[in-house]
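Quick notes on the structure that follows.
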Amino acid sequence: MTRCIVCGEDKFYVQKAFNQKVGCLIIAAGAALVPWTYGLSLGVCAAVDWLLYKLLPSVTVCYVCRASYGGLPLNPDHRPYDLMTAQTWEARALMWRRTGGQPAD
């Protein structure tokens, strides 16, 4: 993947296809059960969370339109999410949304 099909940009990052809200919910459930399990539930839930993270595949995500591409070979040039890169492309992302999703020139 070299260009985004949705917005036409070439700025991508790689992340796990793992819903962060689900991960937080798993840990929160473990923490809520701590008084009755003497802390064992937190360790078990953390292990389940880690296992899910390791087993799920990685996806490529566009910095500009946040389109996610799974099931494709990962491009070795794409790195994990970088806050500085995201902030750099934030203005272009805002412009892309304001223009109704038209590719930037």
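The values are calculated or read from the model by the stated rules, or taken from the named source; none is laboratory data. Everything quoted here is computed from the prediction, not taken from an experiment. Please note: Cβ atoms are built from the backbone with ideal geometry, for glycine as well, and neighbour counts cover all protein chains shown.
The residues listed here are TRP89, TRP50; of these, the one that is part of a helix (DSSP H, G or I), closer than 20 Å to MET1 by Cα, at pLDDT below 90 and of a type outside the set (Ser, Thr, Tyr) is TRP89. Exactly one residue out of ARG66, ARG98 is surrounded by 11 or more Cβ atoms within 10 Å (Cβ to Cβ), out of contact with any Phe, Trp or Tyr (no Cβ under 9 Å at 6 or more places or on another chain) and charged (D, E, K, R), and it is ARG66.
Each row is one residue, and each column tells you yes or no for (1) touching a Cys at 6+ places or on another chain (Cβ under 8 Å); (2) farther than 16 Å from LYS11 by Cα; (3) among the charged types (D, E, K, R).
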residue: VAL34; (1), (2), (3): no, yes, no
residue: GLY43; (1), (2), (3): no, yes, no
residue: TRP50; (1), (2), (3): no, yes, no
residue: LEU56; (1), (2), (3): no, yes, no
residue: ASN75; (1), (2), (3): no, no, no
residue: ALA91; (1), (2), (3): no, no, no
residue: TRP96; (1), (2), (3): yes, no, no
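For the range 32-44, does any single residue satisfy the condition of being touching a Ser or Thr at 6+ places or on another chain (Cβ under 7 Å), closer than 29 Å to GLN87 by Cα and either of a type in the set (Lys, Arg) or outside any strand (DSSP E or B) (or both)? No, every residue in the range 32-44 fails to be touching a Ser or Thr at 6+ places or on another chain (Cβ under 7 Å), closer than 29 Å to GLN87 by Cα and either of a type in the set (Lys, Arg) or outside any strand (DSSP E or B) (or both).
Residues of the range 5-31 that are of a type in the set (Val, Ile, Thr) and either part of a helix (DSSP H, G or I) or loosely packed, with under 12 Cβ neighbours inside 10 Å (or both): ILE5, VAL22, ILE26, ILE27.
Please verify whether THR2 is assigned to a loop (DSSP other than H, G, I, E, B) and polar (S, T, N, Q), treating the condition exactly as stated.
Spelling it out, THR2 is indeed assigned to a loop (DSSP other than H, G, I, E, B) and polar (S, T, N, Q).
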